[in-house]
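The values are calculated or read from the model by the stated rules, or taken from the named source; none is laboratory data. It should be emphasised that the depicted structure is a prediction, and the values quoted were computed from it without experimental measurement. Because the Cβ atoms are built from the backbone with ideal geometry, glycine has one as well, and the counts that use them run over all protein chains shown. With ligands, DNA and RNA removed, areas are computed over all heavy atoms of the protein, side chains included. Shrake-Rupley method; radii C 1.70, N 1.55, O 1.52, S 1.80 Å.
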Amino acid sequence: MDLLVSTLTTSLVATSLVCVSCLVVMCGHNYKANLICLPLFDLNVILGMDCLSSNRILIVCAKKTLVFPDHEDVDFITAN
């Protein structure tokens with residue numbers, strides 16, 4: 001059964017390839033992510049909001065950057 005994914009670069013893309021709990025290394029930090037393999041060109045990886053938030057990676061929209069905090073040095077504020 002194919003998964004249909006909508007992206008900004010194309011219309012719907014169908015795939016049945018998923019890599020569960022893959023090791024992803026970003027800025028020297030190790031993370032696990034479930035990767036969905038899409039037949040796209042000129043694009044390596046898209047990390048979704050669920051992946052970023054579950055790994056406590058912060059998005060700084062004004063600077064268009066990601067912040068990889070040391071977990072023991074940062075207090076997180078949530079709306080919950």
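Remarks
- Residues in the range 29-41 that are at pLDDT 80 or above and open to solvent by 60 Å² or more (accessible area, probe 1.4 Å): 30, 32, 34, 36.
- Neighbours by Cβ (under 9 Å, 6+ apart or cross-chain): first from the range 27-54, within 28 Å of residue 70 (Cα to Cα) and touching a residue at least 40 places away in the same chain (Cβ under 8 Å); second open to solvent by 60 Å² or more (accessible area, probe 1.4 Å) and among the hydrophobic types (A, V, I, L, M, F, W, C): 27/66
- Filter result for residue 50 (closer than 26 Å to residue 11 by Cα, among the charged types (D, E, K, R) and either at pLDDT 75 or above or open to solvent by less than 100 Å² (accessible area, probe 1.4 Å) (or both)): yes
- Test: residue in the range 64-71 that is part of a strand (DSSP E or B), more than 24 Å from residue 2 (Cβ to Cβ) and modelled with pLDDT under 80: no
- Answer residue from the range 1-16, given it is among the aliphatic types (A, V, I, L, M) and closer than 15 Å to residue 46 by Cα and is surrounded by the most Cβ atoms within 10 Å (Cβ to Cβ) among those: 13
- For the range 17-26, the set of residues classified as surrounded by fewer than 13 Cβ atoms within 10 Å (Cβ to Cβ) and under 18 Å from residue 69 (Cα atoms) consists of 25 only.
- Hey, residue 44 open to solvent by 90 Å² or more (accessible area, probe 1.4 Å) and part of a strand (DSSP E or B) or not: no
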